[in-house]
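The values are calculated or read from the model by the stated rules, or taken from the named source; none is laboratory data. Quick caveat: nothing in here was measured; it's all calculated off a predicted structure. Ideal geometry is used to build each Cβ from the backbone, glycine not excepted, and the neighbour counts take in all protein chains shown.
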Amino acid sequence: MEESELKYCWMLHEIAKDLGVAKNLPAILNLIVKSAVDSLNIKASSIRLLDPEGKRLELLAAYGLSEEYLRKGPVELEKSPIDKEAMAGRIVEVEDVARERVLQYPAEAVSEGIRSILCVPLLVRDRIIGSLRAYTSTPHRFSEAEKTFLSALANLGAIAIENAKLTESLRRRIQGLSRLVEVSKSISSSLNVEEVFKRIVRAASEMFNAKGASLSMLDKGVYKLVSYHGLSKASASKLAAPSPEELEGLVKGVTIRVSDVEASNLKYKDELIGEGVKALLCAPITSKGKVVGALKVYFPEERRFDDGEDELLSILANLSEISIDNAKLYRLALGNWESLLKEVWEKLDVWGPVGGR
């Protein structure tokens, strides 16, 4: 084994130890990009992860790059050959960005002082989740040892990122389930249908730290707004009813995710954007196997949803139906009791006063 390979092996060993004690995802990402720069003695490094739709690469960490360069715009796979190739699982090297047209923003890269790039995929269990890039300020041909090192660092980073995301998801799920217990007690404590509706949308908004929420119920074949929180009434009236795109999934009992409203094909996209909504979740409310309503949560930023969030909203939607049914049963029972009481009093009145002559 050559001296350079031994050096990189030692560096990877030290980086792996540091990754093991990193406390959160930002710390892990920053450690990876800084380690790439320090270990390879290069200008800069960056990490981008694929968005839920697999169309864009979102910047999560960078070291050695200016704020101006980082604000150049979104990286779209169809417009970035280097990233498109990396997402196919290949290591991509650009010896001179001034001559090779493989970047989405070549002029910005030259202005930043970038001359050569090495881009490697982030791989977790045969699934590519993003890319790690290394940048140099002078034309550079990366050695096989450097390529191997950066690939190994990317693999270490990908595993650490996935573990951190799973840990964070589990933490949020535990917090959400604890909050759900409190919410279920609050909802179940009211036997007034309108009050139940209000508590549901308020709880949905607070549980997800969202902009707002709405609840619509099916009435004679039409979804009608019954309660909302955090939205204007005019917007809630337009947005609460499921769109045709959402309805297609709801009737199958599926929670609908829209991570980026602007990039979606939702019928009421303009209304959502006008209200400042950039992402949403929509869960069906079912009764006896049929969808009878929809619970929506609106977010002010693009959002990467996980299965835990789907599950929490679905549970809350099911709790909603149980609480609504309880309130309706109570109202029905109360109405029957009042009718019975009225009937008894009417008969007493017919019979005349007790003990009368």
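Quick notes
- When residues of region 38-60 are limited to those that are without any contact (Cβ under 8 Å) to a residue 60 or more places away in the chain and over 30 Å from VAL258 (Cβ atoms), the one farthest from the chain's Cα centre (by Cα): ASN41
- Matching helices (runs of 4 or more DSSP H) fully within region 189-257 where at least 3 residues are touching a Lys or Arg at 6+ places or on another chain (Cβ under 6 Å) and of a type in the set (Ser, Thr, Tyr): none
- Of note, VAL97 does not satisfy the criterion of being in contact with a Cys (Cβ under 6 Å, 6 or more places away or on another chain), within 21 Å of PRO139 (Cα to Cα) and either surrounded by fewer than 16 Cβ atoms within 10 Å (Cβ to Cβ) or without any contact (Cβ under 8 Å) to a residue 60 or more places away in the chain (or both).
- Selected residue (criterion: modelled with the lowest pLDDT) from residues of region 273-312 that are in a helix (DSSP H, G or I) and either among the hydrophobic types (A, V, I, L, M, F, W, C) or under 18 Å from LEU247 (Cα atoms) (or both): ASP310
- For region 105-131, filtering for residues that are under 22 Å from the mean Cα position of the chain (by Cα) and closer than 15 Å to LEU59 by Cβ leaves 4.
- Of all residues in region 13-36, those satisfying the criterion of being assigned to a helix (DSSP H, G or I) and either of a type in the set (S, T, N, Q) or crowded, with 19+ Cβ neighbours inside 10 Å (or both) are ILE15, LEU19, ILE28, LEU29, ASN30, LEU31, ILE32, VAL33, SER35, ALA36.
- Here SER259 meets the list (1) surrounded by fewer than 18 Cβ atoms within 10 Å (Cβ to Cβ); (2) farther than 21 Å from GLY221 by Cβ almost entirely, failing just condition (1).
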